[in-house]
Structures are given as C-alpha cells and as structure tokens.
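These notes are about the structure you will find just below.
Just so it is clear, none of the values below were taken in a lab; they were calculated from the coordinates. Small disclaimer: the values here were computed from a predicted structure and weren't measured. For neighbour counting, all protein chains shown are included, and Cβ atoms are generated from backbone atoms with ideal geometry for every residue, glycine included.
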Amino acid sequence: MKRRHFIYGMFSSIAAAIRASPLAQADVPPAKTSEKVLKGFIVSDAHYGWDSPQQPTPEAQARNLQTILKRFPDLDLMLDTGDAFHSNLDPQVADAARTHWSAGVANGCKTVPFFYLPGNHDLAAWWWPEDAEWRDDDFGTMPCRPYFSFDLKGIHFIAIPELQDAVFISRETMEWLKLDLEINKDRTIVMLAHNNIVGTTTPLGEPGYRGLVNGNEVITLFQKYPNVLSWMNGHNHTFEVMQKYNMLFVSNGRFGGFVPPPAWQNGPRHVGGIYFEVHAKKLVVRSYSAEADKFFDEMGYRELSSELARPTTVQPDQAFTYSYGVGGMVDGQKIPAFNHYAGPAGSSELFVTGTELAEINDDPTFLNYAFRDVGSLGNRWTLFSASVRYEPMFIKENTTWKWENPGFRLLAQPDPAKPLDLCVPDYMVGKYEYYRCAPGNTYEVALDLESISGGQKLQLDLLFRDKLGRDLATVPLTQADLAPGKRTYSGRGKLPAQENDESIYSDPSNDNMIQLTMRARFTSVTNDVIVHRVSIRVAGAEAETFDPVVLVNGLRFAHQGKVGAGEIIRFDIPSPSSFRDVYEVRAGGSKRAAWIVRHHARDWQVRNASVADHGDHLEIGPLRNRWSPDKEVVIVPLTGASEAYIHRLQNIQSAKIYPLNRKNSTLQVQVAKCSPGAKIIVSCSREPRQVRGATAWRFSDSLAFIEVNEGARVEIS
C-alpha cells in the first residue's frame, strides 16, 4: 500500500473585511456554454408540514421548483441547505411532509444532481423516537455522517451541519472539517451550512439562535485556507449577500416557512433561492424569486446580488469526486457507509489524522454558551455540550444554573430532595445520537467541582443506549458527598454484555449503533456547586494519537507511531463494489482518530436507494428513503450524458441495469423484485425504436415510461 504524509501548511492572514459592492443585472450576463463555468442553485428552509398561512402548499412549492428548473435549464447541481420539513409534528403529518419534500424537491430536480444538508428542524431528535441524524441520512441519501464533501467541475463543496444544536458545530465535525480542508487546499472551496456566522448577515432577532456560537473558531480556520470562496447558509429565511474576509457570505432565503420581518432583510418577502456561477476568475451570486420568476436585482434590490473577483479551480472536464468520514472516531467504534455513487474506473483514497484531545465530549470547560429570548414562549439558556434539568426548552427564569465563563454554577435549591441532573451530552441529544462508543471499552468520567461548604450528594452514572433510544444499561460509577473546596470526582465503567445484542458489533450487516451519556445527579444542593470541567474518555487515553488503524470491510490500513492533529496519512484503498461498507477505527494514545474516504471518478448518483457497481452493470439495492413516493429511485449522470439512460425506478425493490450507458446504445434492466405499479423511466431525446419485455410503455417529453412485472428483463433500443 502506498503511504504519504501531509503536514498542515500555514497561510498568511486574509485582508480586513469589506462590504460587497452591489451588482446590477447588466453586470452579470448569462454564461456562454463554451465558458469555464459551474452553475448551481440553492433552496433552503422549505418547512414542509408547517401549519401556518405563511407556509406555501406542497403543490405551490413543487411548481416553484419547476419554475426554477425552467428558468435555469443547464444547472450542474441543486442544493438544499436544510429545514426540509418542520419539527414538532404529529408522526403522520411529519411522514407526509417528508414525502412532499421527496416528491417536490429531491425527486423533483429531474436530471440535475442533488445534495441535501439537514437543518435544525430536520435534526430535532427529541420529537421522534429514533436517531435523527441517521433518519436524515436515509431521507437525504447521505452515506455516513451528515457532513460530507464532493468535487464537481473542479470546485470542492463541503457540507457542514450543526448536529447537536442549531448554532453549534461539534468538535467531532470540526476535526473532520480540518482534515477535509487540508486535503483539498489546492481546490476552490464552497462551504454549505444551515446556520450563519455572526457578523456576516444583518443582525437578526433571537440572539443565541441565529448565528454560530463558535463561529470565531470557524473564521479563524478559514483564515488558514484562502481557497475557501464562500459560506452559504439557510436558517435566516432572508436573502443576503455580504463580502467579508475575502469571501462571500450568502443567506439562501426561504422556500417555505415563516416570512422574516422587514428589519431582517431588504427586498420582497418572496420564496425562491440562490443562483450562483463559479467562473475561472470570479464567483457570481444572485438572489432569485420563484414567485416572480425574476432576480431580486431585476426588481431594484441590487445589494442582493454580488460577485467576488478571485481565481478559481473550475474545470468542466474534471471527474466527480465524493468524500465522507468521521471526526474523532473512538477506538473500536464501527460505522456503516452506504454507497450512492457509481464509477468502476475510479480510484479511492483513505486519509487518517490524529486528534488534539483525548476527551470524547465537546467543550469540557463549557466555554460555549448562549441566551435566547423567545418572548411569550420564555427564554432558553444553552450550554452546547450539556443539559441541566429535564424541564421544557423554554422557561421564564433559570433558577437551576448560571454560566461562569468558563464553567457554570449549579444554584442552591430550596428543596434538598430535588435532583439536579447534569447530562453530557444534552440528555435528549444523547438519547439517540451522541456520543457513539464501542461497547468493549472501559470509559472514564471525571468532574472537577467546587463546593464552598460541602455536603451536596453526587451520583455519577453512564447511560448506554442504542440509536433507537432504547436503554441498554445504566452503569453506576461513583457516589460521593461533596467536600468543601475544589475536588475531582471520577469513576470508570463499561457496557455490560448484552443478552440479545442487536448491533453492528455483533452483526456487521446491522446498522444499529451504541452511544453513551454521562449523568451526574446532584441532591441536597442547599448551597451552590461550581462545575469547572467534565471529561469523558476511553480509560487510559492520552493527549495524542498513536498507531491508528482503519479497517474497511475487514481490510486493515495501519500506521505505526504518533500521528499529530494535522499530520495526514494517506492510503490507496479498493473502490466500493457493494451496497454498504463497514469502517472500524483502532487507535492508541488518545484512543481517537479522524478519517476521510475519497472516491474518484464517479459517474452516477443514485438517490433514495443504495447501489453496487459491478463494472458491467449497476445493482440497485435496498430503499433507504422510505418516504420517497412510489418507492422511487432516482439515477442521474454526474457529468452530463449525451445518450439515453435509466433515470428512475418506481415500486422496484431490486434491479440490475445493463450496460450503464457507458458508450452503449442498448439498455437492459432485469427486475428482480417489484410491487404493483412497477415502472422504469428512461431519459432519452427521441422515442425508443423498440422496448422488449414490458407490459406497456409510452413516450412523452423526452421520457419513456415502461411498465413491468417482477422477473421481467427489459431491453430498450
């Protein structure tokens, strides 16, 4: 195996912030087809399912998307930056909302490659008894974690969601992002997120909810990478374009949801999105109204369009590349990755780096904090790695704790019997999603506490659950009466052997995973207690990573010795050929390592179901997006196609597609399993001369609709 080391480079600081100069319509003529250019469109905050007069109907949203596709017929990609559906919905309403989004947006993009990044409503784990992150992975057909990246026409796009809270990027995500930025420092980068970075949009209502609480960390990171061109986010529901830090910061507007108040944005309160072009020497961004079918600058709002003059790496003939991975994966941890991109001629790489800290948990000293005033609903005080109490999200007054910056203070309670539960991570987030762990490890928890008078009682536990939120075990670690002054209270524990273990650890084909939460229960809190630090780590873990190993479907890729954070080890690995891969990490020292897999030269995107590329044919695997109407699977070319190709399958659970439209004039589909209403849809510029093996077929608007039965072998020529 080939192995190379990459070391982080340091770049000079970026110039001071300046405002974007408005761009009139006349300044941005449509790009000529012969030009080096990438064309994209972003929608955001569709909020399907929200019961409000402000919310467009699903039919109106579907029509708006078709207006966009008609206005921009040569898009290279379509993006959705989150809040596809509304949270806090009745389960049946939520399912209907996901179905409407799947039909109207994801499947409605026709032959345009489509990419989805979940928003805070999509990731609201507490509303449904399941792992919201993996539900959204299935919903949006993301392969591994909801953070991912890809190269299209030489431009590198990075999707960074806010997983634990709407305004916080977790340390694990940041570890992955740092690795991805370093690997791709020679490419122009466009960042995609749901939330804005404070200071890059008009000041909005509800501070503590609209902008990233650790945005300064993100900006500091970008200053090392001048190839980062833009940050494009949703969540605000506003259309804004601002130039700052030699980047364009773009608020992607709204495709549904609430109408922002006038103080939040200038311009009509229309639904629409962002049209952008990446040229060889500039980025052009224009806000667009789907209701009026006009750019906002055409309606007099010139400040809602802009361009940034900077050289880029756009290259129309460059092959598509897709990347995913995990930041700070724990020793022994396993995770599945589903394949949605096909391309037998491409190569694959694995990049591995170390981590800076041994702690599994985010923000051990509680430096990140926000206060949110929601008017009549109440207020919210947030520590972005923990929760105190189990009260409703919004309350009028916080009589439980106070932020100390760093650390926080548990406030004295009038009732000595009332327990105060400190959970790391947040109890509800931890119930389904964090922190993922390997069951064979022993985990060590340490709390640095300060009590003035002592006497408070502490019960320290580890809670183990699976991704369905089922309680596997509560493991007591320690009981103590707090002594006066500063003390460290600690304990060790591990998940007991499970009688009926149903997880990826006992069965590699099982997608169920395990996560842990630390719970510190305080009683007799008649005087304040200051929490200075909370640490959760694998027992014996040290500061740096040693001897990292990544197992890919059992194949071992190992490096001996220390690997510092920012030092990158590279391996050539086999390209995927099955529906699903399993990755496992082994690491000494910090017992944590971050990794990214990059698949080169993919030529097909398969949405809603996984795919196995067998070279001479594609095999369509199990449906992942269970909300896709008619169980529809969408197949689109990633770099354009001049020939006919199989574009969609409806009500077909398993099929093989020959010979992939790779310089062939005849198409074949073998239907292994289907249900009533099974249909093959072919994209073709002319009516097929002949269709064999179908029960019926018709041709309309450059599509052939072919009805089939189970076991059929269909040939289209």
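Considering only S509, G455, T474, and ranking their Cα positions along the charge dipole of segment 369-538 that arises from unit charges at the beta-carbon of Lys, Arg, Asp and Glu, the one farthest toward the positive end is G455.
Where nothing but the Cβ of Lys and Arg (+1) and of Asp and Glu (-1) is charged, how large is the charge dipole of the chain around its Cα centre, in debye to the nearest 20?
Details: 76 positive and 83 negative charges, 245 e Å.
For the chain, the charge dipole is close to 1180 debye.
How high is the relative contact order of the chain, in percent, with contacts defined as C-alpha pairs under 8 Å that are six or more residues apart? Dividing the mean separation by the residue count of the chain yields 15 percent.
Span-like helix criteria (full DSSP H runs; alpha carbon extent of at least 24 Å along the helix axis; mean Kyte-Doolittle hydropathy of at least 0.5) are satisfied in the chain by no helix. Computed from the Cβ-Cβ distance with R0 of 51 Å, the FRET efficiency linking R487 to N266 stands at 0.40. In this structure, L367 and N651 have a Cβ-Cβ separation that, at R0 = 56 Å, corresponds to a calculated FRET efficiency of about 0.60. Taken about its Cα centre, segment 603-716 carries a charge dipole of roughly 100 debye when the Cβ of each Lys and Arg holds +1 and the Cβ of each Asp and Glu holds -1. Site pair A480 and E404 shows an inter-label distance of 1.4 nm when each label is modelled 7 Å from Cα along Cα→Cβ.
Are any of the pairs K396/K418; K185/K562; K244/K282; K334/K467; K224/K334; K631/K656 more than 25 Å apart by Cα-Cα distance, and if so, which?
K224/K334
Taking segment 399-413 and a reference point 7 angstrom along Cα→Cβ of T526, the backbone N atoms nearer than 12 Å belong to 413. For the pair E710 and S376, label points projected 7 Å from Cα toward Cβ lie 5.5 nm apart. Evaluated with a Cβ-only charge set (Lys, Arg +1; Asp, Glu -1), segment 369-538 carries a dipole of roughly 440 debye about its Cα centre, given to the nearest 20. Modelled label positions at R698 and Q318, each set 7 Å beyond Cα in the direction of Cβ, lie 4.4 nm from each other.
The residues packed around T488, meaning those with a beta-carbon under 13 Å from its beta-carbon, carry a net charge of 0 if Lys and Arg are +1 and Asp and Glu are -1. May I ask for log10 I(q)/I(0) of the chain at q = 0.05, 0.06, 0.08, 0.09 Å⁻¹, from a Debye sum over the Cα atoms as equal point scatterers with solvent left out? Rounded to two decimals, the profile gives -0.24, -0.35, -0.64, -0.81. The residues neighbouring L204, those whose beta-carbon lies less than 11 Å from its own, together hold a net charge of -1 under the Lys/Arg +1, Asp/Glu -1 convention. A Förster radius of 60 Å, combined with the Cβ-Cβ distance separating K281 from K673, puts the computed FRET efficiency at roughly 0.70.
Along the axis of the charge dipole computed for segment 603-716 (Cβ charges of +1 for Lys and Arg, -1 for Asp and Glu, origin at the Cα centre), the listed residues Q653, P676, L638 are led at the positive end by P676.
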